[in-house]
Amino acid sequence: MVKGLFPHWEKAGHEILAREGVSDLPDADAAFLHVDASVVPPEYLSAVARYPVVINGRGTDIRKRVISRNLVRPGDAYRGPVIVKTDHNSGGIPELLHNREATRLGQTADAAPRYMTGKYPIFASLSHVPPALVNDPALVIEKLRPERDARGFYVRFWVFLGKAERSFRYLSPYAVVKAADVLERVPVPVPDAIRARREELGVDYGKIDFVIHEGEPVLLDVNRTPSTSPTLNAAIEASNASHSLGLESLLKRHEPKKSGD
């Protein structure tokens with residue numbers, strides 16, 4: 001998704017130098033840390049430490065055990081429906097792909113995390129979850145707290161870059177809402193509680209998924225490297241010009257204050 005912002009940044013006079021890995025990094029006014037992994041490896045943090053501005057240099061761990069306030073553990077009093085997810089973001093697929101590439105290159109791969117393809121499984125209660133899933137340290141179990149009405153299920157996607165943002169509510173017939181299943185998309189405000197969680201997690205650029213369950217905002221997911229989908233490409237492209245302006249708010253945030261400010 002971030003590549004759609006490049007033409008607008010270049011039009012504004014910025015030069016973009018894209019690099020993979022941590023070697024031979026160029027001098028620059030800012031580094032945009034864009035690592036598709038739940039935990040940013042320490043060598044990346046060390047590599048960008050010399051830059052005066054590091055975008056997404058704080059929120060470097062977005063595993064579910066770090067971001068979720070809905071975890072259910074054996075012995076908890078909660079008896080409602082639950083959903084089983086990977087601790088790693090995006091079903092653990094990015095880490096799986098990293099390990100495959102490392103193996104292909106003859107490098108040492110990290111311990112392979114558990115991954116899931118398709119939709120996360122839902123159970124009527126924790127007691128219905130198979131013990132193998134309950135005891136798997138690579139998985140987490142969360143309370144299922146949907147936003148729904150007679151029409152179906154909803155999820156809200158808040159995409160942001162600095163002060164620039166767009167927030168929409170998506171309707172789906174399924175409890176786990178995916179872009180391919182969306183029936184309706186309408187703009188919605190972002191609750192203060194979700195804004196506060198973004199600040200706590202330290203994410204400058206990315207996407208937060210949340211719902212309003214029985215009047216309470218519930219954060220579901222945080223993604224520092226969001227991607228687009230064919231069903232949303234046109235809408236995202238239409239908003240890229242205004243969204244790209246968020247870069248300036250991040251650069252100004254780090255500018256030294258002038259005397260008298």
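How do Lys143, Lys64, Lys119 rank when sorted from fewest to most other Cβ atoms within 10 Å of their own Cβ?
In order of increasing Cβ crowding within 10 Å: Lys119, Lys143, Lys64.
Using the structure shown, select from Lys3/Lys143; Lys3/Lys119; Lys163/Lys207; Lys11/Lys163 the pairs with a Cα to Cα distance greater than 24 angstrom.
With Cα atoms farther than 24 Å apart: Lys3/Lys143; Lys3/Lys119.
How large is the convex hull of the Cα atoms of region 21-77 per residue, expressed in Å³ as a whole number?
Spread over its residues, the Cα hull of region 21-77 gives 93 Å³ apiece.
Classify region 109-248 as rounded, prolate or oblate from the Cα gyration tensor: take a ≥ b ≥ c as the square roots of its eigenvalues, call it rounded if a/c is under 1.5, otherwise prolate when a/b beats b/c and oblate if not.
Judged from the Cα gyration tensor, region 109-248 comes out prolate (a/c at least 1.5, a/b above b/c).
Answer rounded, prolate or oblate for region 71-144, using the Cα gyration tensor with square roots of eigenvalues a ≥ b ≥ c: rounded when a/c is under 1.5, else prolate when a/b is larger than b/c, else oblate.
The shape class here is prolate.
Could you let me know the centre-to-centre spacing of region 1-38 and region 120-148, using Cα atoms, in angstrom?
38
Once amide H atoms are placed 1.01 Å from N in the peptide plane, what residues at a sequence separation of 5 or more from Ile55, or on another chain, have their amide H within under 5 Å of its amide H?
Ala31, Phe32, Leu33
Calculated from the structure, Cα Rg over 2.2 N^0.38 Å equals which of (1) 1.02; (2) 1.08; (3) 0.92?
Correct label is (2).
Using 7 Å Cα-to-Cβ label points, what is the Arg50/Val188 separation (nm, one decimal)?
4.6
Values quoted throughout were computed directly from the atomic coordinates according to the rules given, and no laboratory measurement underlies them. Note that the structure is a prediction, hence the values are computed from the model and not measured. Cβ atoms come from the backbone with ideal geometry, glycine included; neighbour counts cover every protein chain shown.
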